[in-house]
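Have a look at the structure below, then the notes.
Please treat every number below as a calculation from the coordinates, not as lab data. Worth saying up front: this structure is predicted, and the values here are computed from it rather than measured. We place every Cβ from the backbone using ideal geometry, glycine too, and count neighbours over all the protein chains shown.
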């Protein structure tokens with residue numbers, strides 16, 4: 001090596017001086033401007049609602065009205081039942097879709113095609129008016145019922161929402177199953193598990209990590225989707241709110257009541273999703289305190 | 001060591017993937033309590049051979065027996081009927097497999113991986129399964145890792161847990177499919193040590209491997225496979241040191257270089 005040129009010797013001397021200087025953090029002026037603008041808009045909205053012709057005492061009065069609460073209960077029950085039906089059908093049809101049996105595959109394809117391909121409202125009306133096609137249901141001679149007695153608004157809504165949901169959930173579950181490495185299935189088979197046990201003990205628990213976020217999303221949609229059942233007289237919360245404001249003309253107040261309840265239910269669901277996701281992320285990277293694992297092993 | 005009846009008997013087994021003949025009329029007998037190593041270039045059919053014994057692949061022709069039981073089929077007169085899913089699952093209990101990529105259940109801890117089979121498949125009481133699993137974890141040198149998830153373990157540790165998981169099923173034969181090929185070089189030794197210990201305890205093992213030193217030391221018999229055929233078979237001193245066949249000579253020269 002030859003001697004360094006004089007200019008680089010000077011640069012080194014400068015660097016030693018720079019190394020001792022004070023550091024001033026970067027200032028984010030844009031963030032401050034954005035925050036002020038957003039707060040301004042927010043304050044304006046709050047003021048508009050405060051000044052607007054909204055009788056907040058009416059909101060408070062109807063917030064816990066029996067009709068609203070029973071509507072809320074119906075909404076929650078329908079959401080839970082329809083999602084339970086949807087997820088059950090989703091698992092069944094996802095497994096059928098992936099089956100080597102062409103008949104099972106074909107039926108799953110048909111189911112998904114039909115229920116994803118027609119509007120939910122139309123499906124609800126179809127179920128509710130099933131009596132027009134099949135006046136009686138059951139096994140002839142053994143057990144027969146009039147379809148109009150069976151197809152109550154509850155049953156029609158449950159079938160409509162649940163079967164429709166199943167078609168979407170089937171695809172979500174199928175993608176979850178496909179996300180599990182084939183080696184997991186082989187290892188499970190090699191210790192003597194049957195196909196069903198492999199699915200139940202190894203594939204589905206791992207697929208849950210992929211399945212939960214979209215299904216949580218659909219659960220939240222379902223809470224709000226139940227309101228569509230008002231067209232077939234299922235008395236969920238929005239329909240009951242409407243019934244009240246038809247009588248007292250407090251439209252906005254009752255819509256606020258319903259909106260507040262929807263938000264509360266959805267918030268709880270999001271919380272539930274957070275804990276479920278955490279549970280099923282076991283063995284996926286992030287290390288958690290061992291205390292969390294107590295009991296369930 | 002009695003040679004007959006062999007633990008595993010394979011007769012004229014052929015396996016075809018599309019137009020590719022992975023195994024062409026392979027026959028082999030593996031004695032009880034012996035260690036059979038299979039070497040050969042990639043694509044030579046050695047992994048397929050193991051997967052056929054474990055019925056992860058269906059054979060196209062031929063027959064195989066494990067401990068005297070016909071694998072994959074039931075003979076009715078002059079025809080062979082394919083077994084049902086449940087019957088295949090039962091037969092797989094005789095042959096446990098250790099995979100190149102470990103394939104530990106990623107949602108279960110080390111201990112849970114080992115007790116999963118005994119509890120869900122063999123219906124053993126949980127406490128008993130846990131006791132045995134802990135004994136196995138001791139044996140593979142990882143008792144302190146009982147609650148660790150696979151992702152928290154090194155490759156060598158994962159493979160040792162996978163070996164313990166296979167042993168927990170008390171199989172008649174242990175199948176090893178290139179158990180050290182996915183490991184960092186410094187982790188190979190710990191896995192081979194566990195396998196050496198297993199071999200010394202008289203477990204029947206079929207090991208597909210590139211570890212010629214291990215084969216020389218542990219195997220009773222080495223088979224060299226190429227292009228879906230068993231080219232040469234015999235004691236390690238012969239097959240690995242002075243092979244008769246030129247393809248074996250070329251392969252061993254290439255591996256040792």
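Fewest Cβ neighbours within 10 Å first, please rank B:85, B:67 accordingly.
Values: B:85 12, B:67 16.
Sorted ascending by nearby Cβ count, the order is B:85, B:67.
Of A:91, A:148, A:133, which is the most mobile in a GNM of chain A whose springs link Cα atoms less than 10 angstrom apart?
A:133
Relative to the first principal axis of the alpha-carbon coordinates of chain A, what is the inclination of helix A:153-178, with its axis defined by its Cα atoms, in degrees from 0 to 90 and to the nearest 10?
40
Tell me, rounded to the nearest percent, the portion of alpha carbon pairs in the range A:139-297 spaced more than 20 Å apart.
On the way: 8530 of 12561 pairs.
Looking at the range A:139-297, the distances longer than 20 Å represent 68 percent of pairs.
Note down the Stokes-Einstein diffusion coefficient of the range A:175-252 in µm²/s, whole number, using a Kirkwood radius over alpha carbon pairs, 25 °C, and 0.890 mPa s.
Values: Rh = 16.0 Å.
Translational diffusion coefficient: 153 µm²/s.
What angle do you read, to the nearest 10 degrees and between 0 and 90, between the alpha-carbon axis of helix A:6-18 and the longest principal axis of chain A?
60
Averaging sequence separations of C-alpha pairs under 8 Å and six or more residues apart, then dividing by the length of chain B, give the relative contact order as a whole percent. Please list the in-between numbers first.
Details: 482 pairs, mean separation 64.6, N = 257.
This gives 25 percent for chain B.
In whole Å, how far is the Cα centre of the range B:141-168 from that of the range A:18-75?
Distance between centres, Cα-based: 51 Å.
Let me see the pair-distance distribution of the protein assembly as shown: every alpha carbon pair, 10 Å bin width, integer percents in order.
Once binned at 10 Å, the Cα pair distances of the protein assembly as shown give 3, 13, 18, 17, 14, 12, 11, 8, 3, 1, 0.
Stick to Cα atoms and the Kirkwood definition of Rh, then tell me Rg/Rh for the range B:149-220. Show your work: numbers first, answer last.
Numbers: Rg = 11.8 Å, Rh = 12.6 Å.
We get a ratio of 0.94 for the range B:149-220.
At q = 0.12, 0.13 Å⁻¹, what log₁₀ I(q)/I(0) does a Debye calculation on the Cα points of the range B:130-257 give, no solvent, two decimals?
So the normalised log intensities are -0.52, -0.59.
Given the rule -39500 (n - 2.57) for each run of at least 4 DSSP H residues, summed and divided by the residues of the protein assembly as shown, what is its mean residue ellipticity at 222 nm, to the nearest 500 deg cm²/dmol?
Numbers: 20 runs with 292 residues, N = 554.
Calculated from helices alone, the mean residue ellipticity at 222 nm is -17000 deg cm²/dmol.
Relative to the longest principal axis of chain A, what angle (0 to 90°, nearest 10) does the C-alpha long axis of helix A:204-225 take?
Result, in degrees: 60.
Hey, what did chain A get for relative contact order, percent, Cα under 8 Å, at least 6 apart?
On the way: 258 pairs, mean separation 69.3, N = 297.
It comes to 23 percent, rounded to a whole number.
So for chain B, Kirkwood radius off the Cα pairs, Stokes-Einstein at 10 °C and 1.306 mPa s: how many µm² s⁻¹? Walk me through the numbers on the way to the answer.
On the way: Rh = 18.9 Å.
The estimated diffusion coefficient comes to 84 µm²/s.
Provide, for q = 0.17, 0.19, 0.25, 0.26 Å⁻¹, the log10 of I(q)/I(0) from a solvent-free Debye sum over equal Cα point scatterers in the range B:1-92.
Debye intensities relative to I(0), on a log10 scale: -0.77, -0.95, -1.41, -1.46.
Order these by the 10 Å Cβ neighbour count, fewest first: A:13, A:195. Write down the numbers at each step before the final one.
Values: A:13 9, A:195 17.
With the fewest neighbours first, A:13, A:195 line up as A:13, A:195.
Could you identify which residue out of A:32, A:44, A:56 has the top mean-square fluctuation in a GNM of chain A using Cα springs shorter than 10 Å?
Per the Cα network of chain A with a 10 Å cutoff, A:32 tops the list.
I want to verify a result. In a Gaussian network model of chain B, Cα cutoff 10 Å, which of these has the top mean-square fluctuation: B:140, B:231, B:191?
Looking only at B:140, B:231, B:191, the largest GNM fluctuation is found for B:231.
Listing A:253, B:128 from the residue with the fewest other Cβ atoms within 10 Å to the one with the most, what is the order?
B:128, A:253
Given an 8 Å cut-off on Cα distances and at least 6 residues of separation, report the relative contact order of the range B:1-112 as a percent. Before the final figure, lay out the partial values.
Numbers: 148 pairs, mean separation 27.7, N = 112.
Result for the range B:1-112 is 25 percent.
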